[in-house]
Amino acid sequence: MGSKSSKAAAAPKNAAAPKAAATQKVEEPKKEASVGGVSYDTFLKTLEEVRSSQPQNLCAKYLTTDLFNSFTEEQKAILEQCARTGVENPSSALGCYAMTPSDYDVLNAFFDPVIRDYHGAAADAVHVTDWDASDVGENGVLDMSKLGLDELSMRVRVGRNLTSFNLPGAMNQAERIEFEKTMLAAFDKLISMEEYGGQVYSLTPDFGNGEENPNKISEEKYQELVDAHIMFKNMDDDPYLKSEVRATQPQNLCAKYLTSDLFNSFNDEQKAILEQCARTGVENPSSALGCYAMTPSDYDILNAFFDPVIRDYHGAAANAVHITDWDASDVGENGVLDMSKLGLDELSMRVRVGRNLSSFNLPGAMDRAERIEFEKTMLAAFDKLISMEEYGGHVYSLTPDFGNGEENPNKITDEEYQELVDAHIMFKNMDDDPYLKSAGIASDWPYGRGCYVSADKQFIIWFGEEDQLRIMCMKKGSKLNEVFDRLRDGLDVVESIDGIQFATSDKYGYVTSCPSNLGTGMRASVHIKLPNLTSDGTDKKAKEVASPLGLSVRGTGGEHTPIGADGTVDISPRARLFIKEKEIIQNLYDGISLLLEEEKMAE
């Protein structure tokens, strides 16, 4: 008991070799699906803000950008877990927890200054354990009555963790149960001893696989023990021990489904990737989804997390499987959807899809070199389109150079870029989007970003945005099927090039970074005038009417933009997943027909 030595720490139970990856349809990415290439910019920026506003937060004080970047990618992922409570609870005094016993050694460059600052210790201080109290007081006796005090309530406690288990922050449900069962031998020994005796009170509902817990107590008994100050309170109420997002932001599906038990059920490599996927939901708690995939295979390997998120967001049954079908010959009148038959004149029509190549990481996990390699891979497809009479056109690239002294022949100036943005041809600076920035999707801007534009400016391909490719067809006219058919033909041309294969999932169709766009990856829209439903100058009434019809209403410049002065709004079907491509344009046509009836009734 009074030993000054300690046992060597054994490896934590779930820190074993990574589990085998699930079978997947997609090809392996060219780069390993690890933390590499993902930006920690927002995490580190938040730490900087905490450092300046909360000087008592020792985690923020010592976890500088330089120190963080001095660790390996695997260590960074663990360190971010350790520091998460200090970021989410900036008023913390310490702001960090270790996840395994070895963290204090592996991450010592961080933990050591934090520890010495908090404890006011010298840089060379080393702790010595000594329980021999024979030389304290009077032959080891410290009698408080000699200070004039009567009987007192006295208590001494220590915290201990077993070397063969992870620390609580990294345990999953199975390991917590295994730990409890391991401790039963010690409790049985204590109970058998005359000087101890006693009883075990457990909150664990069961030990899994049909095994009952013989020590389980009722909720009433638990409350009795809490009131008697024998048992600790519900730890889930402590914001420092848990993330506040789930409690305060119920719409955040990432927080809703990514429980500690689920997170800890993955192996260490998978945890590192999953943390990248979920980072945007933690750093942007008001998110509706709160997650992005980092590689095409994430939807398979991390399916226990992604599947409930996807089905909740899309309102899908547990057994729903996406089916791709572009054959629109049976929609409308022999495949023709003529908006003029609804009393509409020439309209602005647009259909776009998100696509990613199976041989690359998704944008959130790409580094600069991979973004450049992806752009160069796509040049073959752009060259083929340019050579075709029905497309022609030009490539506009923002990439400053291709590295190693190689110039980018398609590079445009800042002024040309702004012209394309103003003309709604090119996307805006992604670095301004906090959701994309947290996910690493906006990293390395502007490398690997640009667009191909056909000669008639009606067929456009963005590259390097939220998805590797956003492929769209647009025109003014009345026949909705024309943009749909041309888009389908363009997709066939792009995927006919050697080395270009779109990533797909057996369950979810075409793979996209955001689970909201899975399946078709399609958004089909038209601009129509609804002066009566927008008579108050807003789209509030139009949204109320359109929502039950399965339609989304946006401003003419896209999401979060104002409606037109004449009441023009952008209308599109909400459904992307577990719906066929041809059904989307049919739904758009039918939905607009019903919406126009509501518009007429609002006169």
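The values are calculated or read from the model by the stated rules, or taken from the named source; none is laboratory data. Everything numeric here is computed off the predicted structure, so don't read it as measured data. Virtual Cβ from ideal backbone geometry, glycine too; neighbours counted across all protein chains shown. In case anyone asks, the SASA skips ligands and DNA or RNA and just uses the protein heavy atoms, side chains included. Shrake-Rupley method; radii C 1.70, N 1.55, O 1.52, S 1.80 Å.
ARG371 fulfils the conditions (1) charged (D, E, K, R); (2) open to solvent by 30 Å² or more (accessible area, probe 1.4 Å); (3) over 30 Å from LYS582 (Cα atoms) except for a single criterion, (2). Look at the range 287-314: where a residue is closer than 17 Å to GLY509 by Cβ and without any contact (Cβ under 8 Å) to a residue 60 or more places away in the chain and a partner is open to solvent by 10 Å² or more (accessible area, probe 1.4 Å) and among the hydrophobic types (A, V, I, L, M, F, W, C), sitting 6+ places away or on another chain with Cβ atoms under 8 Å, you get ARG311/ALA317; ARG311/ALA318; ARG311/ALA320. Of note, GLU346 satisfies the criterion of being of a type outside the set (Ser, Thr, Tyr) and open to solvent by 10 Å² or more (accessible area, probe 1.4 Å). For the range 549-568, indicate whether the set of residues that are of a type in the set (Asp, Glu) and either within 26 Å of LYS376 (Cα to Cα) or touching a residue at least 24 places away in the same chain (Cβ under 8 Å) (or both) is non-empty. Yes, because at least one residue in the range 549-568 is of a type in the set (Asp, Glu) and either within 26 Å of LYS376 (Cα to Cα) or touching a residue at least 24 places away in the same chain (Cβ under 8 Å) (or both). Checked against (1) of a type in the set (Ser, Thr, Tyr); (2) more than 30 Å from PHE266 (Cα to Cα); (3) open to solvent by less than 70 Å² (accessible area, probe 1.4 Å); (4) under 43 Å from the mean Cα position of the chain (by Cα), THR163 passes all but a single condition, namely (2). Scanning the range 559-593 for residues that are among the hydrophobic types (A, V, I, L, M, F, W, C), part of a helix (DSSP H, G or I) and touching a Pro at 6+ places or on another chain (Cβ under 9 Å) yields ILE584, ILE585, LEU588. Scanning the range 401-418 for residues that are more than 33 Å from the chain's Cα centre (by Cα) and open to solvent by 100 Å² or more (accessible area, probe 1.4 Å) yields ASN404, GLU407, PRO409, GLU415.
Under the condition of being open to solvent by 10 Å² or more (accessible area, probe 1.4 Å) and without any contact (Cβ under 8 Å) to a residue 40 or more places away in the chain, the residues counted in the range 79-95 number 3. Please go through the range 501-519 and give me each residue that is open to solvent by less than 20 Å² (accessible area, probe 1.4 Å) and in a strand (DSSP E or B), ordered by number. Of everything in the range 501-519, those that are open to solvent by less than 20 Å² (accessible area, probe 1.4 Å) and in a strand (DSSP E or B) turn out to be PHE502, SER505, GLY509, GLY519.
Listed by first and then second residue, the pairs linking a residue in the range 338-357 that is farther than 25 Å from THR324 by Cβ to a residue that is open to solvent by 10 Å² or more (accessible area, probe 1.4 Å) and basic (Lys, Arg), with Cβ atoms under 6 Å apart and 6 or more places separating them unless they lie on different chains, are ASP338/LYS479; GLU346/LYS476; SER348/LYS476. Elements of the type helices (runs of 4 or more DSSP H) sitting completely within the range 62-126 and holding at least 1 residues that are of a type in the set (D, E, K, R), at pLDDT 95 or above and touching a Lys or Arg at 6+ places or on another chain (Cβ under 7 Å): there are none. On inspection, VAL336 does not qualify as open to solvent by less than 40 Å² (accessible area, probe 1.4 Å) and either aromatic (Phe, Trp, Tyr) or closer than 26 Å to ASP489 by Cβ (or both).
Would you call SER593 surrounded by fewer than 23 Cβ atoms within 10 Å (Cβ to Cβ), touching a residue at least 40 places away in the same chain (Cβ under 8 Å), among the polar types (S, T, N, Q) and out of contact with any Lys or Arg (no Cβ under 8 Å at 6 or more places or on another chain)?
yes
Just need a number here: residues in the range 358-387 that are small (Gly, Ala, Ser) and free of Cβ contacts under 8 Å to residues at least 60 places away in the same chain. Steps first, please.
Filtering the range 358-387 down to residues small (Gly, Ala, Ser) leaves 358-359, 364-365, 369, 380-381, 387.
Cutting the leftovers down to free of Cβ contacts under 8 Å to residues at least 60 places away in the same chain gives us 369, 387.
Total meeting the criteria: 2.
Scanning the range 192-205 for residues that are open to solvent by 70 Å² or more (accessible area, probe 1.4 Å) and either in a helix (DSSP H, G or I) or under 20 Å from LEU162 (Cα atoms) (or both) turns up just one, SER192. Screening GLU151 against (1) open to solvent by 70 Å² or more (accessible area, probe 1.4 Å); (2) within 23 Å of LEU79 (Cα to Cα); (3) not in a helix (DSSP H, G or I) leaves a single unmet condition, (2).
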